Amino acid sequence: MPSLADLDLNALLPFIAVGFGAQLVDGALGMAFGVICNTLLVAVIGLPPARASANVHIVETFTTAVSGISHALHGNIDGRLFVRLLLPGVIGGVAGAYVLTSIDGATVKPFVLAYLIAIGLYLLIRGLLFPPKAQKPRVVEPLGLIGGFMDAAGGGGWGPIVTSNLLVQGVEPRKVVGTVNSVEFFLTTIVSAAFIWHLGIRDFATATVGLLIGGMLAAPLGAYLAKRIPTKTMLVMVGVVLTITSTFGFIRAVLM
């Protein structure tokens, strides 16, 4: 594996662009980094799916750390909500990693994606037609548990499941996005630990380095946008992103 000094800048640029764009959306709306990265890496750049997934998973460990710190600096984190999500999320992630060896997460994935499509449409309609009112969330711990489990066993889902359902409950969008992004760092770190241990730092490829650079550059900007975007606008944007990405994932899950 060549050192960073040996890497070709021209080869890095496409991956930097993908990482920047994906993290900008994820940092501002609380979801879609993995979906956008995997889609562009496989469909546009032409990476094998397994390699794309491995690169994205490692990169998320670092981008969620920068994103979480940025959200904290902008006051986007709800401390109580953070604590309520953290432990269930980690437990769900660990359980999902173990269950993955005996149950195919792909079997459940179409049903989860169909549910997320409905949630995305609901958020879109609500953002367009109904003035949002901030409320305290009633269901938190089960969301963390399910979101963590699906993220590990189903290859993704923390942001879409947790962010969208907290928004449905009426929690202030910037607090949802900031808190969910911050908790995701701990979840991703634990789920990625075995993978990093197995491959070693040497196996960081050009794609990983490029995604890492782009993602870390975009993370502070995403947190800034989350603070500035009006609540109604954010609901509409989350609804659109969630509906599009979940529909794309549903079609792939059903046809493949």
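Structural remarks
- With the highest mean first, a sort of the peptides 27-38, 10-21 on other beta-carbon atoms found within 10 angstrom per residue produces 27-38, 10-21.
- Residue order, fewest to most surrounding Cβ atoms within 10 angstrom, among V236, V59: V236, V59
- Taking Cβ atoms as reference points and 14 Å as the exclusive limit, the residues near I190 contribute a net charge of -3, counting Lys and Arg as +1 and Asp and Glu as -1.
Each value in this text was obtained by applying a stated rule to the coordinates, not by laboratory testing. From a predicted model like this one, the values you see are computed outputs, not experimental measurements. With ideal geometry, Cβ positions are generated from the backbone for all residues, glycine too; neighbour counts draw on all protein chains shown.
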